[in-house]
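Have a look at the structure below, then the notes.
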Amino acid sequence: MPREPETPEMLEQTALPKEVLETGFELPDEYFHVFRLGLTNLVPWSFTASVAESFDWWRKHHPDRLVVPFAYRSNDDLIALFVAHDPVFARGHIIVLDLTLSAGSPYELVADLPTFEAWYKWAIDDVFETYHLEQEYRAHLAKENGC
């Protein structure tokens, strides 16, 4: 029987790190709207409100970058972050990074999206892409096993 997904915790504006608040960054209304409607089950994506550890890691490795992690992809090393301040990306953008270390780089940019709504639509597309890949894999296994 499928397990019910856990209800994720929502980020709160007042719980953001002081450095982020000082930039004037505000969590977008669309973010809160998704939570109010209960539209947070985007498997393989999971929302998270645990920003302290990730925020501290980013500050240590990228002192010129203020980002707030809000979602991660459970089956690999993708993370979605709100941009509060960055020398490259605009405030309010969402960047999706692959944290798999490759070629000496600490991450690879997967997407730079202008709004939370754009990220949400992107994540929904990823939900369906993941579903179709899983179906293809299951069909391949069944064929391989003579089923």
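All of the numbers you see were taken from the coordinates with simple rules; none came from a lab. All values derive from a computational prediction rather than experimental measurement. Backbone-built Cβ (ideal geometry, glycine too); neighbour counts: all protein chains shown.
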Helix-only CD estimate at 222 nm, as mean residue ellipticity for the chain, using -39500 (n - 2.57) per DSSP H run (n ≥ 4): -11000 deg cm²/dmol
Calculated FRET efficiency for the pair Glu9/Val127, C-beta based, R₀ 25 Å, to 0.05: 0.80
Would you mind classifying region 47-108 by shape? Square roots of the alpha carbon gyration tensor eigenvalues, ordered a ≥ b ≥ c; an a/c under 1.5 is rounded, otherwise it is prolate if a/b is larger than b/c and oblate if not. rounded
Using only Cα atoms and rounding to the nearest 10 degrees, what angle (0 to 90) does helix 52-61 make with the longest principal axis of the chain? 70
Expected vector for region 32-42, Karplus 3J(HN,Hα) from phi with 6.51, -1.76, 1.60 and θ = phi - 60°, integer Hz, x for Gly and Pro, equals 5, 4, 4, 5, 4, 7, x, 9, 10, 8, 10
Expressed as cubic angstrom per residue, what is the convex hull volume of the alpha carbon set of the chain? 135
Taking a ≥ b ≥ c as the square roots of the eigenvalues of the Cα gyration tensor of region 65-147, is the shape rounded (a/c under 1.5), prolate (a/b larger than b/c) or oblate? prolate
Find how much the distance from Lys143 to Glu26 grows on full extension, using 0.36 nm per residue of separation minus their present alpha carbon separation; answer in nm with one decimal. 37.0 nm
Surrounding net charge for Phe35, when Lys and Arg each add one and Asp and Glu each subtract one, Cβ distance under 12 Å: -3
With Rg and the Kirkwood Rh both taken from Cα atoms, where does Rg over Rh land for region 7-71? 0.98
